[in-house]
1. Tell me whether the range 195-211 contains one or more residues that are closer than 26 Å to Phe373 by Cα, among the polar types (S, T, N, Q), in contact (Cβ under 8 Å) with a residue 40 or more places away in the chain and not assigned by TED's automatic domain parsing to the domain that holds Ile302.
2. Being within 31 Å of the chain's Cα centre (by Cα), on the phi > 0 side of the Ramachandran plot and not small (Gly, Ala, Ser) is the filter here; which residues of the range 281-308 pass it?
3. Would you point out which residue out of Val257, Val268 is at pLDDT 95 or above and closer than 24 Å to Ser380 by Cβ?
4. Looking only at the range 184-194, count how many residues are assigned to a strand (DSSP E or B) and touching a residue at least 60 places away in the same chain (Cβ under 8 Å).
5. When only residues in the range 321-339 that are surrounded by fewer than 11 Cβ atoms within 10 Å (Cβ to Cβ) and under 21 Å from the mean Cα position of the chain (by Cα) count, which is modelled with the lowest pLDDT?
6. It is to be established whether one or more residues within the range 214-235 are touching a Lys or Arg at 6+ places or on another chain (Cβ under 6 Å) and of a type in the set (D, E, K, R).
7. Which of (1) surrounded by fewer than 16 Cβ atoms within 10 Å (Cβ to Cβ); (2) assigned to a loop (DSSP other than H, G, I, E, B); (3) touching a helix residue (DSSP H, G or I) at 6+ places or on another chain (Cβ under 9 Å) is the odd one out, the single condition Gln91 does not satisfy?
8. Give all pairs with beta carbons closer than 8 Å in which a residue from the range 307-320 that is buried (at least 20 other Cβ atoms within 10 Å of the Cβ) meets a residue that is of a type in the set (Gly, Ala, Ser); count only pairs at least 6 apart in sequence or on separate chains.
Amino acid sequence: MKKLLILGLILSGIWACEDDYRLNTEFNTPTDLYSPESVDIDLSSGDVVEFSWTGGGAEDSSTVIYQVLFDEEGGDFSSPLDTLLSDLGAQPKLTITHTQLNTIARKAGIVPESTGKLRWTVLASKGGVVQPSNVVNEIIVTRPEGIDNFPEALFLYGDATENDGNGGLQFRKEEEGVFVIYTKIPVPGDIYFTSSTSEDFFTYYAGSDGKLTEGTGAYSIDENSNPYRITVDFNSLSVKTEVISNVRVIWGATYDVIGNLDYIGNGVFQAEDCEIIFIDPSRPETNPPSWLGWTEERYYFIANVEGEDLCWGRKDGVSPERPTGDESLSFYEIGEFPWSQWEHLWKMSGDLDYTSCTITIDTNIQGIMVHRFSDITPLS
């Protein structure tokens, strides 16, 4: 009987805990929406447009996630033009640039140099429960002059290209309306852009002010011993050129250079005969830090972009595992970030320890920028 009493008390405690820690998903959706009545979009503006709301929130004062939905005039948000997370995901406001608003307006069918309306509303969610707000707001937008026939692909032409103008060099499509190419400009001259290498194409160029224009023309560019990164942005009607230099792969623990990568053409950087020896306290030749008590094989790339050292590293943070050879190409995809010692590192495969190899960065393979190791031979 005593055992049964104790068991009953335990079960009662468990049930009480379950009640105490039951997830509370009760929350309110926004009841009032605020945004400018109208916006004249200026693609050169550094200003932002703010969409905000009141009336939302969780009953237990915990976090509610907000998303802002945009639609065309008369739309019912069943297939929104765009869905954007609010500032920090939980703030009762969304701030976007004029370029972002211009992209949404283009999706709504508002053509350049014309005025139209956009509708917007808010989705609130907590603990997997999603509820739309019952209120909708409208904003009148006027688009500036621009280009609406965004190409699906972009190619570089001109007498200043690294292939002497013999055929188009393909850009990598980084996002909708944004194209990037890494290329050498060996002689001063002109460049322009096309949507295709076939006879059926659109042509674009940038004037001396860097503003992207549809039509026949050329963009004058200076020669450089280092390659350029050329970014063509149809959303902001801009062309940006940046000089890339001193690309190297380094150990994250010591900053020691594993290899200096030279630009070899066609968007490729490469370093041959790179000596790979993992950093270890038992290997004094690897310059182990005094605090190190394990083997370190983490690495990333550093590139000088327009005079500033930036990290070319892993896009999704830090690699927690050594690769085994079964990784997809995207495992080696490169993103660009401010340099911080312990961010955006990869681990090397264990097979690379005590080897010599070639390290290559290909800035446009299957639409992404990646690196790889090849010509791997044991160190004698």
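1. Looking for residues that are closer than 26 Å to Phe373 by Cα, among the polar types (S, T, N, Q), in contact (Cβ under 8 Å) with a residue 40 or more places away in the chain and not assigned by TED's automatic domain parsing to the domain that holds Ile302, one finds none in the range 195-211, hence no.
2. Glu306
3. Only one candidate passes the filter, namely Val257.
4. Final tally of qualifying residues: 0.
5. Ser328
6. So far as the range 214-235 goes, no, none of its residues is touching a Lys or Arg at 6+ places or on another chain (Cβ under 6 Å) and of a type in the set (D, E, K, R).
7. Only one criterion in (1) surrounded by fewer than 16 Cβ atoms within 10 Å (Cβ to Cβ); (2) assigned to a loop (DSSP other than H, G, I, E, B); (3) touching a helix residue (DSSP H, G or I) at 6+ places or on another chain (Cβ under 9 Å) is unmet by Gln91, namely (3).
8. Final answer for the pair search is Cys311/Ser340; Trp312/Ala303; Trp312/Gly335; Gly313/Gly335; Arg314/Gly335.
The values are calculated or read from the model by the stated rules, or taken from the named source; none is laboratory data. All values reported here derive from a predicted model rather than from experimental measurement. Using ideal geometry, Cβ is built from the backbone for each residue, glycine included, and neighbour counts are taken over all protein chains shown.
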